[in-house]
């Protein structure tokens, strides 16, 4: 037990003091440098609290900064220099990101693929799809089929160009990495790229890196019981590198099997070997994360990055956020295929966003090709399927300091739904569309 009942957030909000949050922060820093001993993290947490109780006035409510200072001091004094460094660097990075958000109107973000954005914006303007108002007007004119066809062709052309780029490096490329943040459409894009390469006589062998997850019990877990499995350190990066290196040199490896029902990995499960002309195809959130393939020669890798880079403004002149599109996609997919409640997807999204802003999105600059997976019409489908959820969440999470992130996203998406026309019937969506990956009914085999 501790005498502290509350902690002050940077926003000034007073929230319950939860020792497990300190444990999670320490454990997460340890995981990033290869440590996975939760008991040590819990012992260090006790020392942090003891230090705070001894050095803060009796009725003082500690701030986030004071707690973080105490964590740094405790880690260093206990000889955990590498963990302390990881914690300090992460803390500094978060501070830098906050400053960057404050300066967004002054300095363009490095996390945006500007060259690709201009291409997408030009396309949207030419097709009268650059504002919600113009999009609604086209729907009112009965142009849904034209909008659908134009959008799908734009996406397919991207994939075709990516496949051609790989073909030009035939014989050199040994691994194709298809990466992008959650729900960007990697599975559909991977299938389509594979189909196009097969037509050119290029043999692809898929490697599912999900089987390289560490056991679930080794992942950081918050006070709500939610696991942080979005970080690249959730994967056994050392084993992935070792297996890839052996595979491209013609050796056989035994791929592990990860049982998602039990959260446990079984090693040495499935034998795998590739031929001299085969290319390994990897669809992964963290495909562009340097440590995943650091042992592989850069010339042997083709890196494709995708994201729904929609260029459409709302009535206030704000661009619709790509992260909101992906959040809605994931809600539908999680609910349909994983029996996951949409509210859990929303409240877990801060983990998704934190990891992708740190480990995924900045790596787009290293990609050989970028694919835009956004379909303007998908927003109308999501309104029909999700509107009531977001209306309820705006009311439920209002004034809840522990759910500020979920509330902000709910308010933003609910406001968008107030503007955009709903489409109740999704039968017009092509069977092989990337949108089918999330709403169901795909003609593609995802297994």
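Largest mean-square fluctuation among 115, 284, 32, in a Gaussian network model of the chain whose springs join Cα atoms under 10 Å apart, belongs to 115.
Computed extension gain for residue 144 through residue 238, at 0.36 nm per residue and net of the alpha carbon distance, reaches 29.0 nm.
The stretch between residue 318 and residue 53, if pulled fully straight at 0.36 nm per residue, gains 90.8 nm over its current Cα-Cα span.
Separation of the stretch 1-62 and the stretch 257-303, taken as the distance between their Cα centroids, equals 36 angstrom. In plain terms, the chain from residue 43 to residue 295 could stretch by 87.1 nm, reckoned as 0.36 nm per residue minus the Cα-Cα distance. For the stretch 114-439, relative contact order (Cα pairs under 8 Å, six or more residues apart, normalised by length) works out to 24 percent.
Here the sum of -39500 (n - 2.57) over DSSP H runs of 4 or more residues, divided by the residues of the chain, equals -15500 deg cm²/dmol at 222 nm, to the nearest 500. Taking the average, over residues, of other Cβ atoms within 10 Å as the packing measure, peptides 57-66, 399-408, 287-296 rank 287-296, 399-408, 57-66 from highest down. The stretch 155-218 and the stretch 340-414 have Cα centres lying 25 Å from one another. For semi-axes √(5λ) of the Cα gyration tensor in Å, the candidate list reads (1) 33, 27, 22; (2) 61, 23, 19; (3) 38, 31, 19; the entry that matches the value derived from this model is (3). For the listed peptides 68-74, 9-15, a ranking on the average number of other beta carbons within 10 Å per residue, highest first, reads 68-74, 9-15. Taking the DSSP bridge list for the chain and keeping only pairs wholly inside it, about 40 percent are antiparallel.
Each value in this text was obtained by applying a stated rule to the coordinates, not by laboratory testing. Just so we're clear, the structure is a prediction, and the values are computed from it rather than from any experiment. All Cβ positions, glycine included, derive from the backbone under ideal geometry; neighbour counts span all protein chains shown.
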